[in-house]
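The structure under discussion appears below in the form of structure tokens.
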Amino acid sequence: MLNSTLCRWTRRSSLFGSLVLIAGSTAAFELGDPHLNVVPRTSAEAERIAGVTRPTTDFSKPERFEGMPGGAATVRVRNNADAFSQPSGNIDFERELDFKVGNGLFRKIWVSAPSSTLASDGLGPLYNARGCQNCHIKDGRGHPPEGPDDTAVSMFLRVSIPGSPEAEVSRISDYIATAPEPVYGGQLQDFGTPGQTAEYRLDVTYEDVDVVLRGGETATLRSPSYQAADLGYGPLHDGAMLSPRVAPQMIGLGLLEAVPAADILALADPEDTDGDGISGRVNMEWSIEFDEVMLGRFGLKAGAPTIRQQSANAFAGDMGISNPLFPDPWGECTARQEECRNAPHGDDAAQHGFEIDADGLELVTFYSRNLAVPARRDEAAPEVLAGKKVFYEAGCTACHTPKFVTHRLEDRPEQSFQLIWPYTDMLLHDMGEGLADHRPEARATGMEWRTPPLWGIGLTEQVSGVETYLHDGRARTLLEAVLWHGGEAQAARDRVIDLKPDDRVALIKFLESL
């Protein structure tokens, strides 16, 4: 009999979908790629891909095509803040025009209704930012407020309370049901349109934590504390769970969306059957677009199955912009925020019914899908190759999977059948108490986070103007980010602490080259 607390995966070739057993049932459903028009792989292709993506053991020289992490979609490196803002390197002229129109919508500054600029009104009434790029700075990472005079425009607090699962997700094993906070909704907004009271002000304080490294060095980490100050609508629910989130970088999303679900599922090892201490798990969530359970790929806890759903959710939650997937014109305003719900909004049912319509949402999705990954820098340098070897030997690749080959696709030539080097498995991992937010999301526990891709990470400061890492931007250097690893990554973190100083420098040089 199937144990109702377990979800077992069949490891199969990506020639087919992957079957997932439903909790408490002997039935199975297919966890596939309904968002993609896939040309199935041949047996010969599958065998060739297995060889190409096999981890290397030769660190004397770069691997073939390693300098092009986005495959043919890779672009040359810009030496300015526009390094993450280029279209896929293999995009054609006509589709590049769509990319540029999508860029315009991504950069648009929305205004409150009513407004003479009808195409741009509908902001709020409560919101975190007035435009996508206000959070994703130059298509890169956001950052926490750097002092009392700095805003938290690229960072906010998600909030939820324990809940009961809806029927469509109740069959997912280990699904942890949550509900929006009754008054404040699913995230806290720190801005309001004229006449509307903002929900809160984000206060962040830090305490220094010293970590002694081999060789006599000391690294100083900053341990954050978060407070939802100046609450505008009364106290939070007693069971409220808060999670700080900094906007992540945008490059390579379309390539990650094109990785076969079966290839990701094949990496999952929830029971740690191989005994390596790493037990990656998949997140699964209900797809509003396809009306079925799908593999989670996007978001810091892999809570969104597609770029389109993630984008639509951001329009609604971050800016209060209604759209075909999240049609409420008041965005995140709850039933207890009556003034907010009754405020003017930008919907015009006679024209399109949403503040951003289906065409606009598709253009933003296309733009997000085609933000290109820059080429590697100095991948053949001896110190970088030495750092790559350290990266592998320390066990980092157990979660940061170097390579995938994307599906062959009928209608997405930029992402079709590309060898990519994202350094992520897109799985959930327990990262320890130090990084825990204690707020679950679908199957992700309060200790788990999705492995973030590492491509482009060495260009963070160049693009965003500041160097911050991890889900809440607490780490100011790549070494600090590594030293915050715990849980499943504790052993790898301890190996880094025990490295000879030269090896530790080489490791950081390798990361900076990605």
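The values are calculated or read from the model by the stated rules, or taken from the named source; none is laboratory data. Since we're looking at a predicted model, the values are computed, not measured. Positions of Cβ are generated from backbone atoms using ideal geometry, with glycine treated the same way; all protein chains shown enter the neighbour counts. Keep in mind that these areas ignore ligands, DNA and RNA; they rest on the heavy atoms of the full protein, side chains included. Shrake-Rupley method; radii C 1.70, N 1.55, O 1.52, S 1.80 Å.
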Kindly list, by first and then second residue, each pair from a residue in the range 75-96 that is within 19 Å of Leu363 (Cβ to Cβ) and among the polar types (S, T, N, Q) to a residue that is open to solvent by 30 Å² or more (accessible area, probe 1.4 Å) and at pLDDT 95 or above, limited to pairs with Cβ atoms under 8 Å and residues at least 6 apart or on different chains.
Ser85/Asn103; Ser85/Lys138; Gln86/Arg78
Taking the range 413-430 only, how many residues are in a loop (DSSP other than H, G, I, E, B) and open to solvent by less than 30 Å² (accessible area, probe 1.4 Å)?
11
Residue hits (the range 232-248; open to solvent by less than 60 Å² (accessible area, probe 1.4 Å) and farther than 21 Å from Ala436 by Cα) are Gly232, Gly234
For Pro144, work out the one condition from (1) open to solvent by 20 Å² or more (accessible area, probe 1.4 Å); (2) in contact with a strand residue (DSSP E or B) (Cβ under 9 Å, 6 or more places away or on another chain); (3) part of a loop (DSSP other than H, G, I, E, B); (4) within 30 Å of Gly252 (Cα to Cα) it doesn't fulfil.
(1)
Specify which of the listed residues (Val211, Val159) is in a strand (DSSP E or B), touching a residue at least 60 places away in the same chain (Cβ under 8 Å) and within 30 Å of Asp494 (Cα to Cα).
Val211
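So, in the range 256-302, of the ones that are among the aromatic types (Phe, Trp, Tyr) and under 19 Å from the mean Cα position of the chain (by Cα), which residue ends up farthest from Ala436 (Cα to Cα)?
Here is the first cut: in the range 256-302, the ones among the aromatic types (Phe, Trp, Tyr) are 286, 290, 298.
Still in the running and under 19 Å from the mean Cα position of the chain (by Cα): 286, 298.
Numbers: Trp286: 24, Phe298: 19 Å.
Applying the filter and picking the extreme gives Trp286.
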The lone condition Thr193 fails out of (1) open to solvent by 20 Å² or more (accessible area, probe 1.4 Å); (2) touching a Pro at 6+ places or on another chain (Cβ under 6 Å) is (1)
Filter the range 276-289 for residues that are in contact with a helix residue (DSSP H, G or I) (Cβ under 9 Å, 6 or more places away or on another chain) and assigned to a loop (DSSP other than H, G, I, E, B); which is surrounded by the fewest Cβ atoms within 10 Å (Cβ to Cβ)?
Asp276
Filtered residues of the range 298-345 (kept if assigned to a loop (DSSP other than H, G, I, E, B), open to solvent by less than 10 Å² (accessible area, probe 1.4 Å), touching a helix residue (DSSP H, G or I) at 6+ places or on another chain (Cβ under 6 Å) and over 18 Å from Lys108 (Cβ atoms)):
Cys333
Within the bounds of the range 382-405, is there any residue that is crowded, with 23+ Cβ neighbours inside 10 Å, in contact (Cβ under 8 Å) with a residue 12 or more places away in the chain and of a type in the set (D, E, K, R)?
yes
Within the range 109-122, which residues are open to solvent by less than 10 Å² (accessible area, probe 1.4 Å) and either touching a helix residue (DSSP H, G or I) at 6+ places or on another chain (Cβ under 6 Å) or in a helix (DSSP H, G or I) (or both)?
Trp110
Given the conditions (1) over 30 Å from Asp149 (Cα atoms); (2) open to solvent by 20 Å² or more (accessible area, probe 1.4 Å); (3) of a type outside the set (A, V, I, L, M, F, W, C), which single one is not true for Pro260?
(2)
What number of residues within the range 474-495 satisfy the criterion of being within 15 Å of Asp210 (Cα to Cα) and either in contact with a strand residue (DSSP E or B) (Cβ under 7 Å, 6 or more places away or on another chain) or not hydroxyl-bearing (Ser, Thr, Tyr) (or both)?
12
Quick check: anything in the range 30-37 at pLDDT below 95, part of a loop (DSSP other than H, G, I, E, B) and not aromatic (Phe, Trp, Tyr)?
yes
Being within 18 Å of Gly124 (Cβ to Cβ) and surrounded by fewer than 20 Cβ atoms within 10 Å (Cβ to Cβ) is the filter here; which residues of the range 154-190 pass it?
Pro180, Val183, Gly186
Subset of the range 62-108, residues touching a helix residue (DSSP H, G or I) at 6+ places or on another chain (Cβ under 8 Å), of a type in the set (D, E, K, R) and not in a helix (DSSP H, G or I), comes to Lys108
Please return the ranges of helices (runs of 4 or more DSSP H) entirely within the range 439-499 where 1 or more residues are open to solvent by 10 Å² or more (accessible area, probe 1.4 Å) and more than 22 Å from Ala394 (Cα to Cα).
460-464
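Before we move on, is Phe59 in a loop (DSSP other than H, G, I, E, B), at pLDDT 90 or above and of a type outside the set (Ser, Thr, Tyr)?
The answer is yes for Phe59.
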With the structure loaded, tell me whether Val20 is surrounded by 14 or more Cβ atoms within 10 Å (Cβ to Cβ), at pLDDT 95 or above and under 26 Å from the mean Cα position of the chain (by Cα) or whether it fails that test.
no
